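The values are calculated or read from the model by the stated rules, or taken from the named source; none is laboratory data. Quick caveat, the model's predicted, so the values are computed rather than measured. For neighbour counting, all protein chains shown are included, and Cβ atoms are generated from backbone atoms with ideal geometry for every residue, glycine included. Just the protein is used for accessible areas: all its heavy atoms, side chains included, with ligands, DNA and RNA removed. Shrake-Rupley method; radii C 1.70, N 1.55, O 1.52, S 1.80 Å.
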Amino acid sequence: MNLFEQVTAAPPDPILGLTEAFRNDPNPDKINLTVGVYQDATGTAPVLDCVREAEKRLAAANGSKSYLPINGHPDYIGHTQKLVFGEGDERIQTGCIASAHTPGGTGGLRLAGDFVRQCLGQRTIWVSNPTWANHQGIFSRADLDIAVYPYYNVDSHDLNVEGMITVLEDIPENDVVLFHACCHNPTGVDPSEEIWKTIAKVCKERRLLPIIDFAYQGFATGWIDDAVAIRAFSEYGMEFLVCSSFSKNFGLYQDRVGTLHVVAKNPGESKRILSQLKVLVRTNYSNPPAHGSAIVSTVLNDRDLTQQWEEELKAMRTRINSVREQFVDGLSKAGAPGDFSFIKEQMGMFSFSGLTPGQVQYLRDQYSIYIVKSGRINVAGVNDRNIDRLCSAIADSLKM
Ligand SMILES: Cc1ncc(COP(=O)(O)O)c(C=O)c1O
């Protein structure tokens, strides 16, 4: 027997696997609303102008391809800390935050999982129900047990505040709890500032360890405002972790630029934590990829490029919000039964449409429209060319 005969086929990834199926679909009118990549009005994932300019400058500078430090370039680390925690945060000056550049937000989440499991001996992580499909996979591969807390009211399409707080109040001390900082994936429903304060208070009182997944900074209302959850946990003087990413807000999906930040109570602890993060990184991928972080640093080191980035980020956000309006109008004009105005209230790239798995399958079979099984739609994939077809197909699926 061949040794490899025992290897069974794994199921395709629930989100990226659909893109593969989409590519193989011969229908010229097919629509892909699955993967979380921003698309402009022409349906392409654009390279930001500030990124193109930074790449030009980097090419002209003819730098080295030597290894980066294990936790990334210090210049990059400084910028990402300021974006996430705010320019004047004392903990940055005093060295209380241990940060490591990771391959994307995903790399940061996995490093966070490895850190809490291997260095703190944690067993369980609590995630929202529902959550991004990859969270469960990432943390279970880091040898953590997954538990869920309520998050979303299916019927009223809003946050289940009471259910969430009641369960948080009951979580065993020291357990790890994962939160989405903004643009919750897949629901698009975020806690208000007041609710974040309540969540932070409960976590503090229950001595829970929060990990904040910050993959969409700047996609809700602005990169400063979107850090509301970080500020809430900071105000309670808590220890917590943040996994940030430049995939979406810089459009650097394939360059794998993210960061794990571990907020400690004092510089001594932070130093020891960083030494452990370095061991985890060194024995996994050794050191991070340089190109994307060099782009981020080049942009954020230059006042004009930074301003350009802010404008381009705002343009992405504005387009998504206007598509939400058009989508809701389009559904109503197409005669879709029900009230879809809740879609306008949701934040970020995703809309939790309420479509059932059966309706999602129907849309794929009848119309070559690809949507994640949970009914999550990437609103940025909707444009002038496909909106009418999409809305009438959804209206049809709802009458099934
Ligand atoms: C909630 C959430 N967290 C993390 C990520 C990871 O992003 P990346 O690894 O591409 O930076 C994503 C990407 O879709 C996401 O939606």
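What is the Cα centroid distance between segment 134-195 and segment 265-289, reported in whole angstrom? A separation of 27 Å, based on Cα centres. From the alpha carbon centroid of segment 302-365 to that of segment 1-60 is 19 Å. Candidates ALA220, CYS183, PRO74 compared by Cα position along the dipole of the chain: farthest toward the positive end lies PRO74, with charges placed on Cβ.
TYR236 contributes an accessible area of around 70 Å² to the protein surface, as traced by a 1.4 Å probe with all chains present. In this rough spin-label picture, where each label sits 7 Å from Cα along the Cβ direction, the ALA60-ASP302 distance is 0.7 nm. No solvent, one uniform scatterer per C-alpha: report log10 I(q)/I(0) for segment 1-82 via the Debye equation at q = 0.12, 0.26 1/Å, two decimals. Here log10 of I(q) over I(0) equals -0.78, -1.28.
How high is the FRET efficiency between LYS373 and LYS399 when r is their beta carbon distance and R₀ equals 22 Å, given to the nearest 0.05? For R0 = 22 Å, the calculated efficiency reads 0.60.
Kirkwood hydrodynamic radius for segment 49-139: how many Å is it when counted over pairs of different Cα atoms? In segment 49-139 this quantity evaluates to 16.2 Å. Structure remark: mean-square fluctuation, Gaussian network model of the chain, C-alpha springs under 10 Å; the largest value among ARG319, ARG91, ARG52 belongs to ARG52. Beta bridges assigned by DSSP with both partners in segment 67-301 are antiparallel in approximately 45 percent of cases. Between GLU269 and GLU162, the modelled labels are 3.6 nm apart [label points 7 Å from Cα along Cα→Cβ]. Taking the square roots of 5 times each eigenvalue of the Cα gyration tensor of segment 93-173, largest first, gives ellipsoid semi-axes of 26, 15, 15 Å.
Rg then Dmax, both in Å and based on the Cα atoms of segment 226-352: 19.9, 62. Taking the alpha carbon gyration tensor of the chain, multiplying each eigenvalue by 5 and rooting it gives semi-axes of 34, 26, 22 Å, largest first. Of the residues ALA41, ILE199, CYS119, the one whose Cα sits farthest towards the positive end of the charge dipole of the chain is CYS119 (charges of +1 on Lys and Arg Cβ, -1 on Asp and Glu Cβ, taken about the Cα centre).
Rounded to the nearest 5, the antiparallel percentage of DSSP beta bridges internal to the chain is 45%.
For the chain, which whole-number percentage of the solvent-accessible area (1.4 Å probe, protein heavy atoms only) is attributable to carbon and sulfur atoms? About 50 percent, which is the carbon plus sulfur part of the accessible surface.
Only the Cβ atoms of Lys and Arg (+1) and of Asp and Glu (-1) were treated as charged; on that basis the dipole of the chain about its Cα centre amounts to roughly 920 debye. Ordering ALA294, GLN307, THR94 by Cα displacement along the dipole of the chain toward the positive end leaves ALA294 in first place; charges were set at the Cβ atoms of Lys, Arg (+1) and Asp, Glu (-1).
Per residue, segment 67-301 exposes 39 Å² of solvent-accessible protein surface, assessed with a 1.4 angstrom probe and all protein chains in place.
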